[in-house]
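Notes to accompany the following structure.
The values are calculated or read from the model by the stated rules, or taken from the named source; none is laboratory data. All of these numbers come straight from a predicted model, not from anything done at the bench. So basically every Cβ, Gly included, is an ideal-geometry build from the backbone, and we count neighbours across all protein chains shown. When the accessible area is computed, the model is the full protein with side chains, heavy atoms only, and any ligands, DNA or RNA have been set aside. Shrake-Rupley method; radii C 1.70, N 1.55, O 1.52, S 1.80 Å.
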Amino acid sequence: MRSSIPYFAVAAVLCYALYNAYKTKASHTASLPRSVEKPQPPSHPMFKDTQSYIVDVIDHGSSRLRFKPEEIMEGGFASPEDAPKIACYVRTLANEKCDFPSDAPMYYSSNCAGCHGDDGKGLGGTYPDLTKHPLLGMRPLPKE
């Protein structure tokens, strides 16, 4: 009988550990929602179209849009007056119609092409591709 006491003690400890593990898992599972959706980028009234989205990212950066750390761009690479010109030119890179001013390609080249490339495709995936639909982080609001 004496030699079986350690075995009973080990069995009791294992049973207690399994019971606690099951109890903890059950309490965590009960607090989770039934369907967990992938977090979506925020939508905002100012992002009704691609133009306003691009201007906002140029002016304010992308850190508040829940991007990965390596995808975050700081704001202010171009002046608020030049941002709409650049945004219009970027839209033409994505085959959207936009009548940009004649100096818009120069502003894009001097502020954006260093990372996104002359064609806007992101230098082989190193930076976000500005020609994709929708743009990284953009989720436009439904049109009313």
_Pull out all pairs, ordered by first then second residue, where Cβ-Cβ is under 7 Å, the residues are six or more apart or on different chains, the first lies in segment 117-139 and is of a type in the set (Val, Ile, Thr), and the second is modelled with pLDDT of 85 or more and surrounded by 13 or more Cβ atoms within 10 Å (Cβ to Cβ)._
131/93; 131/94; 131/120; 131/121
*Would you check which residues across segment 62-90 are open to solvent by 70 Å² or more (accessible area, probe 1.4 Å) and not in a helix (DSSP H, G or I) and list them?*
66, 68, 74, 77, 80, 81
